[in-house]
Amino acid sequence: MLSAIYNTFCNCFKIPELKSRILFTLMVLAICRLEAVVRIPGLNGTILQNYFASQAGSAGGGLLGMYSLFTGGALEHCAVGALGIMPYISATIIIQLLTAVIPTLSKLAREEGGRTKIIQYGRYLTVLLCLGQGMVMAIGWENPEKLFPQWNTADRLVLYSDAHIWFYRLQTLLMLTTGTMLLMWLGEQITERGIGNGVSLVITIGILARLPQAAVALKDMFFPGAGVEAKFNFGHAIALVLLLAGVIAGVIAITQAQRKVPVQYAQRAVGRKVYSGGTSFMPLRVNYSGVMPIIFAQAILMFPQKIFLFLGQSLNIKFFGEIARALAEGAFLYMVVYGLMILFFSYFWVATQFNELQIADDLKKNGGYIPGVRPGQATSDYLHNAMSRITLAGAIFLTIIALIPIWLYSELQIPYPVATFFGGTSMLILVGVLLDTMRQMETHLLMRHYDGFLKKGRLRGRF
């Protein structure tokens with residue numbers, strides 16, 4: 001099987017168009033990684049990098065940890081790409097949610113050229129988010145002790161004097177905004193001229209940049225060095241390998257899982273043309289919301305813990321401190337609330353993005369119907385009930401995948417850099433993006449009469 005995969009990759013470079021697309025994609029991704037290491041002038045990034053290295057074994061997730069994951073280490077380097085591609089993703093999500101609830105945007109999305117306008121609105125919103133987040137990050141680097149626990153107040157990140165502090169802020173704001181807009185443009189270039197989804201690949205390459213750090217932590221688990229007894233043995237290694245294989249297999253299965261709803265089209269005449277009837281199917285994805293519920297739950301759940309911790313320390317009330325400890329990452333209450341929020345946001349995303357009324361109306365206009373179901377409202381109800389049932393399965397799967405890294409880190413004392421690759425956003429994004437990229441490569445191969453990655457079956461895209 002390995003030889004077949006190797007031959008398939010060799011065939012990719014025998015097709016001139018596919019070869020140029022792959023090389024272009026690799027070149028652009030290298031530029032994206034360069035943004036993660038080029039530091040902003042006036043900042044001592046070495047201090048922050050050393051702090052993150054010292055906290056690598058004990059730092060949990062949280063908003064800063066998730067942001068650092070998506071930036072591929074640019075945050076702790078104080079690099080030009082410290083904002084990463086997240087402002088663009090946030091803007092896209094906001095526009096999608098607004099399109100579902102604002103009739104004007106919903107109407108614009110269905111018009112010819114409307115999608116281009118909505119994408120343009122997303123770019124404008126990205127600039128605004130970059131300006132806001134960039135200023136917050138610039139001020140945060142001035143006062144790192146308020147962002148990072150156990151920070152040594154004697155360490156100063158900003159090298160400028162107080163007299164030139166506004167010059168530092170404006171310079172940093174401009175460079176961070178430019179860095180994000182450049183990443184957005186590079187991602188669009190990959191989508192247009194390369195292979196795969198550009199923005200998704202930019203995130204993926206940032207996650208893969210964490211592999212060396214995870215490899216070092218994994219080595220220290222079993223070979224900690226002279227004079228130190230290892231906590232893990234060969235049996236633990238086998239269990240971790242089996243768990244990783246099971247997680248990857250489960251993610252692949254649930255990412256590609258779909259329910260095929262049969263659709264019958266009647267014969268119809270449009271003008272002088274007569275369209276014959278036929279049978280098709282409508283794919284309903286089990287994991288329709290993708291990784292979004294986990295991101296929403298992580299981003300929102302960190303604020304209550306910070307608020308109660310602040311109130312407990314400020315007002316000297318023990319009760320608030322107990323709640324803050326109960327909501328700390330890895331605690332039982334945290335995992336329960338985290339799982340419930342993932343379930344909620346899974347249904348929330350489907351409710352805002354899956355429009356069964358429009359689908360039923362489009363089927364009726366095109367002469368299509370689901371066998372045994374009347375067109376119109378009955379079709380809409382059928383799709384709503386079907387989507388609700390399969391969303392429950394996808395939401396439960398997402399909850400399990402999201403809780404595995406937290407359980408490994410908090411209960412089994414697996415180092416956090418290693419645990420992040422056993423589930424959560426990292427694994428879902430990696431598997432989803434790689435499947436989508438392989439699907440596009442397989443399409444090029446099959447068009448030129450080469451064998452794809454699978455001899456039986458085919459890869460299904462995420463969308």
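Give me the extension gain from L311 to L242: residue separation times 0.36 nm, minus the current Cα-Cα distance, reported in nm with one decimal.
20.5 nm
For region 380-420, which whole-number percentage of the solvent-accessible area (1.4 Å probe, protein heavy atoms only) is attributable to carbon and sulfur atoms? Spell out each step's value before the answer.
On the way: 1090 of 1640 Å².
In region 380-420, the share of accessible area belonging to carbon and sulfur is 67 percent.
Give the accessible area for F9 in Å² (nearest 10); use a 1.4 Å probe, count only protein heavy atoms, and leave out ligands, DNA and RNA.
Rounded to the nearest 10, the figure is 90 Å².
Give me the orientation-averaged projected area of the Cα convex hull of the chain, in nm², one decimal. Intermediate values should be presented prior to the final figure.
Details: hull surface 113.5 nm².
For the chain, averaging the hull's shadow over all directions gives 28.4 nm².
Once amide H atoms are built 1.01 Å from N in the peptide plane, which residues 5 or more positions from L43, or in another chain, come under 5 Å H to H?
Amide H to amide H, under 5 Å and 5 or more residues apart or across chains, L43 pairs with L159.
Going by alpha carbons, how many degrees (0 to 90, nearest 10) lie between the helix axis of 234-256 and the longest principal axis of the chain?
The answer is roughly 40 degrees.
Using θ = phi - 60° and the Karplus curve 6.51 cos²θ - 1.76 cosθ + 1.60, what whole-Hz ³J(HN,Hα) does each residue of region 190-201 get, with Gly and Pro shown as x?
5, 4, 7, 10, x, 10, x, 7, x, 5, 5, 5
Relative to the present Cα-Cα distance, how much length would full extension add between D162 and F344 at 0.36 nm per residue of separation?
Working it through step by step, the gained length comes to 60.9 nm.
Taking the Cα centroid of region 206-250 and of region 374-402, what is the distance between the two, rounded to the nearest whole Å?
37 Å
Among rounded, prolate and oblate, which fits region 381-451 when a ≥ b ≥ c are the square roots of the eigenvalues of its C-alpha gyration tensor, a/c under 1.5 means rounded, and a/b larger than b/c means prolate?
Cα axes put region 381-451 in the oblate bin.
Give the accessible surface of region 82-225 per residue, rounded to a whole number of Å², with probe radius 1.4 Å and ligands, DNA and RNA excluded.
Counting only protein heavy atoms, the per-residue value for region 82-225 is 53 Å².
How high is the relative contact order of region 307-346, in percent, counting Cα pairs under 8 Å that sit 6 or more residues apart?
The value is 24 percent.
Please compute the length gained on full extension between T352 and R448, using 0.36 nm multiplied by the number of residues separating them and subtracting their Cα-Cα distance.
Net length gain for the segment: 30.6 nm.
Answer rounded, prolate or oblate for region 174-215, using the Cα gyration tensor with square roots of eigenvalues a ≥ b ≥ c: rounded when a/c is under 1.5, else prolate when a/b is larger than b/c, else oblate.
Oblate shape, in that a/c is at least 1.5 and b/c is the bigger or equal ratio.
Counting only residues 5 or more places away or on other chains, whose amide H sits under 5 Å from the amide H of I195 once H atoms are built in the peptide plane?
Under 5 Å from the amide H of I195: T25.
How much mean residue ellipticity at 222 nm does the chain get from its helices, if each DSSP H run of length 4 or more adds -39500 (n - 2.57) and you divide by all residues, to the nearest 500 deg cm²/dmol?
Per the formula, -22000 deg cm²/dmol.
May I ask you to derive the FRET efficiency for V38 and R374 from their Cβ-Cβ distance with R0 = 60 Å, giving the value to the nearest 0.05?
On the way: r = 61 Å, r/R0 = 1.02.
Efficiency for this residue pair is about 0.45.
What are the ³J(HN,Hα) couplings of region 133-140, residue after residue, when phi is run through the Karplus curve with 6.51, -1.76, 1.60 and θ = phi - 60°? Round to Hz, x for glycine and proline.
Working through the residues one at a time gives 5, x, 5, 4, 5, 4, 5, x Hz.
Label E322 and D362 with points 7 Å out from Cα along Cα→Cβ: what is the distance between them in nm?
5.4 nm
In square nanometres, what is one fourth of the surface area of the convex hull spanned by the alpha carbons of region 239-359?
12.7 nm²
Considering amide H positions built from the backbone, and no H for Pro or chain starts, which residues 5 or more places from V263, or on another chain, come under 5 Å of its amide H?
Close amide H contacts, sequence-distant or interchain: S280, F281, M282.
Shape of region 324-451 from its Cα gyration tensor (a ≥ b ≥ c, root eigenvalues): rounded if a/c is under 1.5, otherwise prolate when a/b > b/c, or oblate?
oblate
Within the chain, what's the longest stretch lacking trypsin sites (Lys or Arg not before Pro) that sit in DSSP loops with no more than 10 other Cβ atoms inside 10 Å?
1-271
The values are calculated or read from the model by the stated rules, or taken from the named source; none is laboratory data. Just so you know, these numbers come straight off a predicted model, no measurement behind them. Note: ideal-geometry Cβ built from the backbone for every residue, glycine included; neighbour counts use all protein chains shown. The protein model used for the area step is the full one, side chains on, heavy atoms only, and it has no ligands, DNA or RNA in it. Shrake-Rupley method; radii C 1.70, N 1.55, O 1.52, S 1.80 Å.
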